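These notes are about the structure you will find just below.
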Amino acid sequence: MFSVRSARDLVRSKYLLLLEANLLWRRVVHPALAAQNWKFVRGACATLDKVKSRFKIALPCRCSVCQIEEESLEHILWSCSAAKRAWQWLEGIFHLRSCYNLIASNKQAKGCSRMVKDLWLVSNLVVRSELWFQRNKMVYEKKKPCWNFFRKRVFNFIHEYSDRMKGCMLNRVEDMEILDFFRVKCRKVKMLEPVECLWQPPMQNQLLLCCDGASRGNPGVAGAGLVARNSACEVVGAMCVGLGVISNFLVELYNILIGLDWAVQWGYRDVLVRTDSMSVITALEGDNIPWFARQRWYEAKVKFDSI
């Protein structure tokens, strides 16, 4: 059976997947900026060291900006004196640490607001693009780099690209300072309301059964787990059991029934059952459970004064 895909796979050249693609091709990144940085990620830039090795010619490959070290893509975007000054300037604004690896640099904004994360990503891409533009100006037009001109271009590009960002900011001074520096309009603040969570131990002479179950599919291969605690919050016992292929509802139901049978050995007459399945709780309270498990539920109720 012939297919076009099989013929294409015979003649195509397969390349490794680049993880940076998930950062570049986003809505907040302008396509022109993403395309330029895609060349950096792929290493598809005609630096002097690559021209020398590809065409096998004797070519001086000294960096045209710093006139000290050998030119390479990493040197232009990271190690050159002009690049170090640019990255230090950017780090001072965001108070984040930049890296040559784009993924590692983007991870430095972990814990920041979505707006600051997007600004940090775009700023990294703009600085890389402008460092390459500065190098080409020196190589082809013999124009020496000017720090003030470079900084203004970076500022203007980041300010223009900020219109594509729709994320929320945090209500704190750090976010306001960054947005105010690039003259970006304040975004809406995502308010986080704390949720109070309480855990109370069981009463005196009461056994607490914490039950939960899970199944891989509905129905699917299922299992259940239980933890028993006394009034002093001490763990009396814990167990897990495989239940075969059953539905989610039956997993939660059998979990409670097995736990009640298991709790008889400690002699408690008052049992408190905690589960996250409201449908099972409603079914047990109304004795509205499947017929094949109903007798087992009746036998479990007789063994306790209170459930």
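Computed values, structure above
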{"item": "Positive dipole terminus of the chain, leading residue within 267, 95, 253 (C-beta point charges)", "result": "95"}
{"item": "Accessible area expressed per residue, the range 98-176, with surrounding protein chains retained (probe 1.4 Å, Å²)", "result": "51 Å²"}
{"item": "In order through the range 234-246: 3J(HN,Hα) via Karplus (6.51 cos²θ - 1.76 cosθ + 1.60), integer Hz, x for Gly, Pro", "result": "7, 7, 7, x, 8, 8, 9, 8, x, 10, x, 9, 9"}
{"item": "Relative contact order [Cα under 8 Å, 6+ residues apart], the chain, whole percent", "result": "11 percent"}
{"item": "Choice from 45, 233, 186 with maximal GNM fluctuation in the chain (Cα, 10 Å cutoff)", "result": "233"}
{"item": "Rounded to the nearest 20 debye, dipole of the chain from Cβ charges on Lys, Arg, Asp, Glu", "result": "2460 debye"}
{"item": "Gain upon complete extension [residue 46, residue 265; 0.36 nm per residue less C-alpha separation]", "result": "71.1 nm"}
{"item": "Rounded percent of accessible protein surface that carbon and sulfur make up, the range 112-152, 1.4 Å probe", "result": "54 percent"}
{"item": "Residue 273 long-range amide H proximity, modeled H, under 5 Å", "result": "209"}
{"item": "Once the Cα gyration tensor of the chain is diagonalised, semi-axes √(5λ) in Å", "result": "64, 27, 17"}
{"item": "Global form of the range 111-225, assessed from the alpha-carbon gyration tensor, a/c cut-off 1.5", "result": "prolate"}
{"item": "Residue of 60, 219, 145 that the Gaussian network model of the chain assigns the largest fluctuation, springs spanning Cα pairs under 10 Å", "result": "219"}
{"item": "Relative packing of peptides 200-209, 13-22 - highest average C-beta neighbours within 10 Å first", "result": "200-209, 13-22"}
{"item": "C-alpha center-to-center spacing [the range 1-63, the range 222-281] in angstrom", "result": "57 Å"}
{"item": "Long pairs among 84/190; 107/166; 107/144; 107/188; 110/144, criterion Cα-Cα beyond 27 Å", "result": "84/190; 107/144; 110/144"}
{"item": "Added length on full extension, which subtracts the Cα-Cα distance from 0.36 nm per residue, residue 174 to residue 16", "result": "53.0 nm"}
{"item": "Sequence-separation-based contact order of the range 141-199, relative, with Cα cut under 8 Å and 6+ spacing, percent", "result": "32 percent"}
{"item": "Coil-residue GluC sites (Glu not before Pro) of the range 213-307, DSSP, other Cβ within 10 Å capped at 11", "result": "234"}
{"item": "Ellipsoid equivalent to the range 157-307 - semi-axes via the Cα gyration tensor, in Å", "result": "50, 21, 13"}
{"item": "Computed [θ] at 222 nm, deg cm²/dmol, the chain (DSSP H ≥ 4; -39,500 (n - 2.57); rounded to nearest 500)", "result": "-14000 deg cm²/dmol"}
{"item": "Accessible area expressed per residue, the range 259-307, with surrounding protein chains retained (probe 1.4 Å, Å²)", "result": "63 Å²"}
{"item": "Helix axis angle, 291-302 relative to the chain longest principal axis, alpha carbon, degrees", "result": "70 degrees"}
{"item": "Karplus 3J(HN,Hα) series, Hz, for the range 16-23 with 6.51 cos²θ - 1.76 cosθ + 1.60 (x for Gly, Pro)", "result": "5, 6, 9, 5, 5, 4, 5, 8"}
{"item": "Subset of 14/117; 52/143; 50/152; 50/137 violating a 27 Å alpha-carbon distance limit", "result": "14/117; 50/152"}
{"item": "Amide proton proximity set for residue 244, modelled H, under 5 Å, gap of 5+", "result": "222"}
{"item": "Gaussian network model of the chain, springs between alpha carbon atoms under 10 Å - residue of 210, 146, 63 with greatest fluctuation", "result": "210"}
{"item": "Sites residue 153 and residue 39 - FRET efficiency at Förster radius 25 Å, r taken between beta-carbons, to 0.05", "result": "0.85"}
{"item": "Backbone HN-Hα couplings from phi across the range 74-81 [Karplus 6.51/-1.76/1.60, Hz, Gly and Pro as x]", "result": "5, 5, 5, 8, 9, 8, 5, 4"}
{"item": "Shape category assigned to the range 1-119 from the gyration tensor of Cα positions, a/c cut at 1.5", "result": "oblate"}
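The values are calculated or read from the model by the stated rules, or taken from the named source; none is laboratory data. Note that the structure is predicted; figures quoted are calculated from it, not measured. FYI the Cβ positions are ideal-geometry reconstructions off the backbone, even for glycines, and counts take in every protein chain you see. The protein model used for the area step is the full one, side chains on, heavy atoms only, and it has no ligands, DNA or RNA in it. Shrake-Rupley method; radii C 1.70, N 1.55, O 1.52, S 1.80 Å.
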